[in-house]
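Single-structure report; data block below.
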Amino acid sequence: MGRAGQAAPERPGLTGAGPPHRYVVLMEESVLRFRTAGPDAMRGQLRHLLAVMPLASVSLGIIPFTAQRTVCPLEAFYIHDDTTAVVETLTAEIKVTQPRELADYAKAFTGLAEMAVYGDAARDLIQAAIDALE
């Protein structure tokens, strides 16, 4: 979550400033629980997720530990408006623009989205991660 989680509300479109965008975010349940900062910072980031979930411009899905795996990506990736996929590796950020490769990332994203939970079930996972920080 780190800086991206903290900067999210300042991005144009998320809170109504600037052109409207739609953010569809998928994350593994483990991301909610990795101790990448102290408890107060982690609690704040997790509460931020709860705060942005109701926004019309945000769809947040969490892939639970218990999900039956149909897709297992090896790296984090982001798809921007069906024109670019950005892949993060240990040493580089790779921009993918070839239609065939974009289709592969879109298919992987669809598979991940089908494994995720949303709404109350996602909120419960976030709240459980907050409670585990107590």
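The values are calculated or read from the model by the stated rules, or taken from the named source; none is laboratory data. Computed from a predicted model, the values in this text were never measured in an experiment. Note that each Cβ is placed from the backbone with ideal geometry, even for glycine, and that neighbours are counted across all protein chains shown.
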From the list ILE126, ILE130, exactly one residue is over 20 Å from ARG22 (Cα atoms), part of a helix (DSSP H, G or I) and in contact with a Lys or Arg (Cβ under 8 Å, 6 or more places away or on another chain). Which is it? ILE130
Does region 59-73 contain any residue that is over 14 Å from LEU112 (Cα atoms) and within 17 Å of the chain's Cα centre (by Cα)? no
Neighbours by Cβ (under 7 Å, 6+ apart or cross-chain): first from region 57-75, closer than 26 Å to LEU90 by Cβ; second among the β-branched types (Val, Ile, Thr) and in a loop (DSSP other than H, G, I, E, B): GLU75/THR89
Residue check, PRO64 modelled with pLDDT of 95 or more and exposed (fewer than 12 other Cβ atoms within 10 Å of the Cβ): no
Condition test on LEU74, is it loosely packed, with under 11 Cβ neighbours inside 10 Å and farther than 16 Å from VAL25 by Cβ? yes
Which one of the conditions (1) without any contact (Cβ under 8 Å) to a residue 40 or more places away in the chain; (2) closer than 22 Å to PRO20 by Cα; (3) out of contact with any helix residue (DSSP H, G or I) (no Cβ under 6 Å at 6 or more places or on another chain) does TYR118 fail to meet, given that it meets all the rest? (1)
Restricting attention to region 87-119, and to residues there that are closer than 24 Å to MET53 by Cβ and aromatic (Phe, Trp, Tyr), which single residue is surrounded by the fewest Cβ atoms within 10 Å (Cβ to Cβ)? TYR118
Please give the helices (runs of 4 or more DSSP H) falling wholly within region 1-59 in which 2 or more residues are modelled with pLDDT of 95 or more and in contact with a helix residue (DSSP H, G or I) (Cβ under 8 Å, 6 or more places away or on another chain). 29-33, 39-52
